[in-house]
Amino acid sequence: MISKKLRYSISAILVGILLTVMPLTAFAATRYVYYQGSLSNQLLISILKRVFPCDDFKIIRPQPDPQPEPEPQPEPEPEPQDPQPEPQEPQPEPEPQDPQKPEPQDPQPEPEPQEPQKPEPQPQPQPNPQPNPQPKPQPEEPGSGVVALTQDEQKMINLVNQERQKYGLKPLEVDYQLVKLARMKSQDMVDKNYFSHQSPTYGSPFDMMKNAGVRYRWAGENIAGAGSVERAHTALMNSEGHRANILNANFTHIGIGIVKGGPYGMMFTQMFIGK
């Protein structure tokens, strides 16, 4: 490598040669010298003064063009994720309504019976409800196959009549023939793994009543699936259609069938009639 002292000597010689070939003027001037070498401005000017003692010198060192800095790129925003819906407990199906007809007719496939001109219950809650009288079990009807209500069935009947008592309605009496039909419907839903008022085995609830010889002027059905009597009753009361059945002033008798099993833990069927 060339030493630093030798580089200075070579640079001084080159500057001297350059200046000797430059045209000389007879007057003092300011000379602008473009220089990109390694000599300092003071050393370079001292060399130039020896050649042109009367002139002033301004050393200009060209600066390299600045390189543009890259523009910052925005960070990609994460795409929002769709929230997963929380699993919900199945709500009980709306109940069908059916008036008593003088002559029974063959049902159409999957009917949606509705009670005509059904009066909406508009009772006012009583401020001081009296203790709810318990319905007296009716004697077993011949061939009904029902011995007595289970503890869960009696509990649900008590809850239903407590709701009616709050609104000044008469408590519903237990009809053991309806209890038998309600148990058959709940067991059928567990065995056939369905949840509907329309049974693939018995048809509609009104078909079941008519085929069993049940006489009525008004009829209705509530079904629910839940893990306890309290949860099933709360779900029914929170549903407008099921609540209307429980508080229907036209109904006089009830049968409840509760069977353990199915996807919800317990299957509930409430059958109402008005005689």
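Fully extending the segment from Arg217 to Ile17 would add 58.9 nm, taking 0.36 nm per residue of separation and subtracting the current Cα-Cα distance.
Ranking Val214, Val179, Met189 by Cα position along the charge dipole of segment 172-241, where only Lys, Arg, Asp and Glu carry charges on their C-beta atoms, puts Val214 farthest toward the positive end.
Legend: residue pairs Lys210/Lys260; Lys170/Lys192; Lys166/Lys192, Cα-Cα distance threshold 30 Å; pairs beyond threshold, Lys170/Lys192; Lys166/Lys192.
Any read-out appearing in this document is the output of simple, stated calculations on the displayed coordinates, not a laboratory observation. None of these values were measured; they are calculated from a predicted model. Here Cβ is always computed from backbone atoms with ideal geometry, including for glycine, and neighbour counts include all displayed protein chains.
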